[in-house]
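A.B. asks: Quick one: the structure is below, questions incoming.
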Amino acid sequence: MAILHIDCNSFYASCEVSFRPELKGKPVVVANYNEAGGGIILALTKEAKSLGLKRGNPVFQIKDVLEKNHVAIFPANLQKYVDISRRIVSLVQELDMVIHFHRYSVDEFFAEIPVFKSKSDMRDYIGIIKEAIEHGTGIPVSCGIASTNTLAKVATWYAKHYEGYKGICILEAADTEKALRGIPIADVWGVGWRSAPKMMQMGIRTAWDYYQRPKAFVQNKFHVTGVRTWTELHGQPAIDLTIPPKQQTIMHSRTFVYMEHDLEKLKDYIRDFAVAAARKLRDQHSVCRSVTVFANTNRHRGDLDQYSNGFTVHLTEDTSDTTAIVKAAQQALEAIYLPYYEYKRAGVILGDIMSDEAVQQDLFSTSSGEETRKHRRLMAATDHINVRYGMNKVQPASLLQTPEEHKKKGHDTLQYEPWRNQSTNLDDVIEVK
């Protein structure tokens, strides 16, 4: 078997373009934008990169470039991006062409595929998967194939940086030296931002330089993690991604684009955060016993009164049920909410997490074990439908909103108009639908 690595190109920006086809081929950036004109660029399309823009650019410093080139800018909507990532997982699994498919991050995936006699046959095989993702989501992807996870990432690096590969690079053993000579050590998976400068000082400038160092040297200088990377570059699997560590706490939070003081709208935010956190809890087959909600004002606004607080609700039973978690989160919000403050950030934290296989029934619980199992099956079915057809297509009746409530909520959906050509004021750039 060979390792397949799939990487979404400019994922956040590509997600926004997928919802607005008219922006295809135009400069688009995603930033953690705020009402004061601050924030930095998080992702950008290749058209935006051609203007000299880079990740990490402060928005206020590049205001003139953005306006002059009519760059479309969107505030980050992480829940939307996670939902699209889940859709990619569903599409690949439906093809039934890979095994051990694993989502490593929101925009990266690993899997195992059969080894073909010819490179062209393998390219055609991967092309079917690539086309299914791009056609089903509108997200362009790059694919790398090699004998280990790290080498597959190296192959993807070439697929993204050289158009001649057309988004698919197959790295065979005979080409390893040439490939490793051409990739900077800082771009090798497993080499952190702290390790890269240290390696450069030692004369390790490329992946091939690292490959040639003795194993004992690597073990002494870079310990277990460094040895795993070195081993994988030598074509021997050393990293197991199939069993990711379970999170001990799960948090969903957001810094709002615009400050918010209305309790009902804050409840909408908290509900959405709790729904997302509950789904992530079920993804790792866990349950929680506590739900914490926190809310902060904008500490950068010295002209406004400041307030920060949090409250934890301890549940009577371990659960991953969305309705129970949302109810606890709303209760916690009401405990800390104070009117007349302008809130800039809020979030939900699930704590006291444990495996759902080790749940003990509360002695005084009114629900039976069968009811608990029914709730789990209901949540599993709901998650499956939402992954396939889109976020919150199906949800508990207690969480549903009327069309009037949804319209009133407005900006909570975080669907924003791009920059309009006639706009010259940064404050007019992002409009709420």
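A.B. asks: Choose one of Val59, Leu95, Asn77: the residue whose Cα lies farthest towards the positive end of the charge dipole of segment 15-106 (beta-carbon charges +1 Lys, Arg; -1 Asp, Glu; about the Cα centre).
C.D. replies: So the residue we want is Val59.
A.B. asks: Count charges around Ala196 for me, please; just the other residues with Cβ under 11 Å from its Cβ, Lys/Arg as +1, Asp/Glu as -1.
C.D. replies: Numbers: positive: Arg194, Lys198, Arg205; negative: Asp187.
Value of the local net charge: +2.
A.B. asks: Take the solvent-accessible surface of the protein heavy atoms, probe 1.4 Å, and return the percent of it on segment 268-326 that carbon and sulfur atoms account for. Could you put the intermediate results ahead of the total?
C.D. replies: Details: 1180 of 2450 Å².
That share works out to 48 percent.
A.B. asks: Please give the Cα centre distance for segment 196-258 versus segment 72-94, rounded to the nearest Å.
C.D. replies: Cα centroid to Cα centroid, the span is 26 Å.
A.B. asks: In percent, what relative contact order does segment 42-196 have, based on Cα pairs under 8 Å that are 6 or more apart in sequence? Don't jump to the answer; show the numbers that get you there.
C.D. replies: On the way: 135 pairs, mean separation 19.3, N = 155.
Relative CO of segment 42-196 lands at 12 percent.
The values are calculated or read from the model by the stated rules, or taken from the named source; none is laboratory data. Since this is a predicted model, take the numbers as computed values, not measurements. Reconstructed Cβ throughout: ideal geometry from the backbone, glycine too, with neighbour counts over all protein chains shown. With ligands, DNA and RNA removed, areas are computed over all heavy atoms of the protein, side chains included. Shrake-Rupley method; radii C 1.70, N 1.55, O 1.52, S 1.80 Å.
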